[in-house]
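We did not get these values from a lab; they are worked out from the coordinates using the rules stated. Note that the coordinates shown come from a computational prediction; the quantities given were computed from them, not determined experimentally. FYI the Cβ positions are ideal-geometry reconstructions off the backbone, even for glycines, and counts take in every protein chain you see.
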Amino acid sequence: MEDIMIVLVVLLPIIGFILGYFLKIKALHKKAHEIVKEAETEAEVTKKEKILQAKEKFLQLKEKHENAINEKNNIILNAENKLKQSENNLNIRRDEFKSKLKDFEITKQENNAIRINLTAQLEVVEKKTDELEKIHKKHIEKLENIAGISAADAKEEIVKSLKAEAKTEAMSHINDIIEEAKITANKEAKKIIVRTIQRIGTESAIENAVTVFHIENDDMKGRIIGREGRNIRALEASTGIEIIVDDTPESIVLSSFDPIRREVARLALHQLVTDGRIHPARIEEVVSRTKEQLEEEILETGKKTAIDLGIHGLHREILRLVGKMRYRSSYGQNLLQHSRETAKLCAVMASELGLNPKIAKRAGLLHDIGKVPDEEIDIPHAIYGMKLAERFKEKPEICNAIGAHHDEVEMTSLISPIVQVCDAISGARPGARREVAESYIKRIKKLENIAAEEEGVVKTYAIQAGRELRVIVGSNKVSDKDIEKISFNIAKRIEEEMTYPGQVKITVIREIRAVNYAK
């Protein structure tokens, strides 16, 4: 045991020296490897053959050095393994270690020699890099002389040609992306919309500018007119409408653009005819009382509508405006029925999309309250309705949905596009509205004019009640690639400049005809 302890005492400094030297060698290897990497990175631009030559020389030196070190390391590792395997072999191996340790001593001169060799190799690489850069510049100058154009001009020409190609490809890619998005996105959208429409169904009521009041016999017409027409004049003055008494049997026509005034006149006439007492004083009394009753009925209608839809906490004035919608029509569609339908559509669609259906339903009911003002307004009904909602402390997302359903203001919540879509669904479904012939003709002409303004367009035809636009272009003015761009531009302009229900299909046609005559 004493001998073993002596051997351990003797060997520990030696092993420490060996390990320290091994770490130095490893650090040198690491540094050499980093230098080689830097040399390889800087010389990437240069020719591969010269880099490989320099690398081969370096690798040869490195290989020789590593071989020598590997041999010595193997000996050390064998010795360490033998020490761990058996303590009995220490005495036998002690003399061998002493003799072999002399071979591991490397002087400072050898280390300096290695550093000098590495520095020389780096200098060679840098010189070759400079030479290659000079050769590269000479080649560029020769190419410019041969081509007769500078590198900058050549680059500019290439960029121009690439831009033209990129524009053409971009248009085709845009159309492909749009079509792909329509195919994928429209599936879910159609499911939601169809499911929503199927669950909500309301009848459409057509309102006109006249109301026909039926009477039992034509003798009553004389009593309504009165002596020298005083009764009918009193009626017209009190109600603000025009009463037309003609040869139509058992009927009187009440004419006015204000549906509430027509309703007041109808109710008042019904009460006067039933009572039988018709004279100017009685007429004024009945009309006044009828107006009060109608105001109460309007408020009750608003309350009943809110209760039916499950909407609570509406201001009294807003309830009154909702009730007034019963006597207002838009393109022949009753405004209250339209608002109720929009509210139900909004609630269903919001539920499908994981949003709050109560807020959506509330916004859908109130989106058109700007159409029944108590005063003359000179701003769009959506903006006026938004201001009314703000005045009566409605939530910001509801106010924004009211103001943004015709894109007068920017949408700030997800409820706004839902209200806009449901308003379009309710108004655009078949049978919901009727369109005045004059406005219909204007819309058709505007569609055709927008398409005619595109370059190369020869003729335009709006068909299917403005749902489709056929555009014929000249084959000598427009190429096959350009028709995609033309249809895309027309669709964008129609979206930006026009208001229309549903969608408009744009079909651009380009054809070549060859005509000959046999004589």
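For a quick check: with amide H placed at 1.01 Å from N, whose amide H comes under 5 Å from LEU353's, ignoring anything fewer than 5 positions away on the same chain?
none
What is the calculated FRET efficiency for ILE377 to GLU453, with r their C-beta to C-beta distance and R₀ = 45 Å, to the nearest 0.05?
The pair ILE377/GLU453 has a calculated efficiency of 0.85.
For segment 261-352, report the translational diffusion coefficient in µm²/s to the nearest whole number, using Stokes-Einstein at 20 °C, 1.002 mPa s, and a Kirkwood Rh over Cα pairs.
Answer, rounded: 143 µm²/s.
Work out how much length ALA514 to GLU156 would gain on full extension: take 0.36 nm times their residue separation and subtract the Cα-Cα distance, in nm to one decimal.
Using 0.36 nm per residue and subtracting the Cα-Cα distance, I get 124.8 nm.
Along each of its three principal axes, how wide is the spread of alpha-carbon positions in segment 327-385, in whole angstrom units, largest first?
The principal-axis extents, from largest down, are 39, 23, 14 Å.
Dividing the convex hull volume of the alpha carbon atoms of segment 210-297 by its residue count, what do you get in Å³ per residue?
85 Å³
R0 = 56 Å: FRET efficiency of VAL124 with HIS406, Cβ-based, nearest 0.05?
0.15
For a quick check: with amide H placed at 1.01 Å from N, whose amide H comes under 5 Å from ARG328's, ignoring anything fewer than 5 positions away on the same chain?
Sorted by chain and number, the residues that satisfy this are LEU335, LEU336.
For ASP130, ASP423, ASP258, which order do you get if you count the other beta carbons within 10 Å of each Cβ and list the fewest first?
ASP130, ASP258, ASP423
Can you compute the FRET efficiency between ASN73 and LEU353 using 1/(1 + (r/R0)^6), with r the Cβ-Cβ distance and R0 = 51 Å? Round to the nearest 0.05.
In this case the efficiency is close to 0.15.
Using amide H atoms built 1.01 Å from N in the peptide plane, name the residues 5+ places from VAL508, or on other chains, whose amide H lies under 5 Å from its own.
HN-HN under 5 Å from VAL508: VAL471.
So what J values fall out for segment 127-133 if you push phi through Karplus, 6.51 cos²θ - 1.76 cosθ + 1.60 with θ = phi - 60°, rounded to Hz, Gly and Pro as x?
Here the 3J(HN,Hα) series is 4, 5, 4, 4, 4, 5, 4 Hz.
So, by mean Cβ neighbours within 10 angstrom, what's the order for 389-397, 305-313 with the highest one leading?
Ranked from most to least packed, the peptides come out as 389-397, 305-313.
P(r) of segment 439-510 in 5 Å steps, Cα pairs, percent per bin?
Taking every Cα pair in segment 439-510, the percentages come to 3, 18, 33, 25, 13, 6, 2, 0.
Could you give the size of the charge dipole of segment 219-283 about its Cα centre, using +1 on the Cβ of each K and R and -1 on the Cβ of each D and E, expressed in debye and rounded to the nearest 20?
Around 320 debye, computed over segment 219-283.
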